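What follows is a short report on a single structure.
What follows is calculated from the coordinates using simple rules that are stated; it is not laboratory data. Just so we're clear, the structure is a prediction, and the values are computed from it rather than from any experiment. No Cβ is skipped: glycine too gets one built from the backbone with ideal geometry, and neighbour counts run over all protein chains shown.
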Amino acid sequence: MKILMLTWEYPPRIVGGIARVVHDLSKRLLKDGHEVTVITYREENMPYYEDDKGVNVYRVDNYMINPNNFIDWIMQMNFNMISKANELISKQGKFDVIHAHDWLVAYAAKSIKNSYDIPIVATIHATESGRNSGIHDETQRYINDTEWMLTYEANEVIVNSNYMKCELQRNFGLPFEKINVIPNGVNLTMYSGIEKDYDFRRNYASDNEKIILYTGRLVYEKGVQFLIGAMPKILENYHDAKLVIAGKGGMFDELKAQADYLGLSNKVYFTGYMDHKSLCKLYKCADIAVFPSTYEPFGIVALEGMLAGIPVVVSDIGGLNEIVEHRVNGMKSYAGNSNSIADSILTLLFDHKLCNEISKNAKDKIKELYNWTKITQDTHFSYQKAICETMASRQAKQIAQEKAAKVKRTKGEEKELSKLLEFRKRQAYA
């Protein structure tokens, strides 16, 4: 099967979780014997073409003209994706299916579909309404409408949790059977060869301090502000703790100011952006990983923490709520509640037996349910459904056209026959 992946991020460009999903899914599809082509955005000095161990990756620039806003920037990127896809199809032939990742590539996917009659499978990783707790301005409304358009144009839609399936049905009125719930996965070998490095660990905390780790974007819906707000209670009961925040985002300055205001400058460490290898080393050095999101369709970072062998604390919302069972393979806290976050963390800090049980159960669940072999098989089945639907639609159109042509000929014959009968009547009365 020839598969075209459309995504605005692909390693080494990593904005959120989409890059890792597309990368790992593409590699597994390739291993299963499929041909995978990725069209994505080119950043800085990245190559225009890369053979990523068998995955053909094509990157497109944006225009030299500076866009007025983010929406214009996205539209310019889509135009260039369409151009690159046209070029590839003219040289290499049609793709069997387009896999479009989120609204950011919706217009490219729709245009290629309509030009070449190629089915679309769309993965909606998150919604604008969910990220912002509703639609509050015209930009958000535009993105929300684009999400609807992509789900409408798609033959099949993939979401990563039952929470997201309900959200799409509620927001866009999609048919139940059109939405496929396929969780994201994690590379089970991502920590291979990585052990706890104490010298590396000392860059972030003293040997006597327990590391409480957050990794991810620094934006409101990730709830980092509530985790910082939990630190005074944690430190009051367990002084030898250190919060390490790895990531970048629009709230960086605000979160740093919050930590300073609370007098936590020496107990909260901001690493900024970390490359994948350094992040893996940091996971192995941490004692607890916390993901306090207020909105989270899935939560790949939670899988990474669980696979690293450390206990995780997550909010009781979205996909995180489906991944973690409280006190079995992780701990839950009330979303947006610093007091609840502190309680869950303190429970783990004082109960080493519980930590060990949770960590073991979490690893077992990851290997069973969130491996890419199973996820890729389910995704491939969605591709097959989309292709079959397109073939059935083509056949239905062909039958309808043939039927219409036959009806047209029959009406013509009836008209000629009617004229002949009328002529003979006039002759009879003459």
TODO: Compare Leu104, Leu243, Leu346 in a GNM of the chain, Cα atoms joined below 10 Å, and give the one with the largest fluctuation.
DONE: Leu346
- [ ] Would you kindly state the longest site-free stretch of the chain, with sites defined as chymotrypsin sites (Phe, Trp or Tyr not before Pro) in a DSSP loop (not H, G, I, E, B) surrounded by at most 12 other Cβ atoms within 10 Å?
- [x] 49-272
Task: 31 Å Cα-Cα threshold exceeded, pairs from Lys210/Lys365; Lys110/Lys332; Lys222/Lys267; Lys110/Lys281 - done: Lys110/Lys332; Lys110/Lys281
Task: Summed side-chain charge close to Ile135 - residues other than Ile135 whose Cβ falls under 10 Å, Lys, Arg +1, Asp, Glu -1 - done: -3
Open item on the list: How far apart, in nanometres, would the label points at Val181 and Glu389 be if each is projected 7 angstrom from Cα along the Cα-to-Cβ direction?
Closed with: 1.9
Open item on the list: Could you compute the net charge surrounding Glu322? Neighbours are other residues with a C-beta less than 14 Å from the C-beta of Glu322; K and R count +1, D and E count -1.
Closed with: -1
TODO: For Tyr334 and Ser206, calculate 0.36 nm times their separation in residues minus their Cα-Cα distance, and state this gained length in nm to one decimal.
DONE: 43.1 nm
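For Met149 and Glu254, calculate 0.36 nm times their separation in residues minus their Cα-Cα distance, and state this gained length in nm to one decimal.
On the way: separation 105, 0.36 × 105 = 37.80 nm, distance 3.52 nm.
Separation in residues times 0.36 nm, less the Cα-Cα distance, equals 34.3 nm.
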TODO: For every helix of n ≥ 4 consecutive DSSP H residues, a contribution of -39,500 (n - 2.57) applies; sum these over the chain, divide by its total residues, and give [θ] at 222 nm rounded to the nearest 500 deg cm²/dmol.
DONE: -16500 deg cm²/dmol
Open item on the list: In Å and on Cα atoms, what radius of gyration and Dmax does the chain show?
Closed with: 27.1, 120
Task: Nearest 10 degrees, 0 to 90: helix 70-92 Cα axis against the chain principal axis - done: 60
Task: Proxy reagent accessibility, fewest Cβ within 10 Å first, across Lys233, Lys91, Lys196, Lys242 - done: Lys91, Lys196, Lys233, Lys242
Open item on the list: Place a point 7 Å from the Cα of Arg131 along the Cα-to-Cβ direction; which residues of the stretch 252-267 have their backbone N under 18 Å from it?
Closed with: 252
Open item on the list: Could you compute the longest span of the chain free of GluC sites (Glu not before Pro) located in DSSP loops and having at most 15 other Cβ atoms within 10 Å, not counting the site residues?
Closed with: 45-194
- [ ] Choose one of Tyr214, Ala257, Leu346: the residue whose Cα lies farthest towards the positive end of the charge dipole of the chain (beta-carbon charges +1 Lys, Arg; -1 Asp, Glu; about the Cα centre).
- [x] Tyr214
Task: For the stretch 124-149 versus the stretch 1-76, the gap between their alpha-carbon centres in whole angstrom - done: 23
- [ ] Pull out the extension gain between Tyr273 and Phe70, defined as 0.36 nm times the separation in residues minus the alpha carbon to alpha carbon distance; nm, one decimal.
- [x] 70.9 nm
- [ ] Count the net charge of all other residues whose Cβ sits under 12 Å from the Cβ of Val55, scoring Lys and Arg as +1 and Asp and Glu as -1.
- [x] -1
Task: Between 0 and 90°, nearest 10: helix 106-116 axis offset from the chain longest Cα axis - done: 30
Task: Helix axis angle, 138-153 relative to the chain longest principal axis, alpha carbon, degrees - done: 60
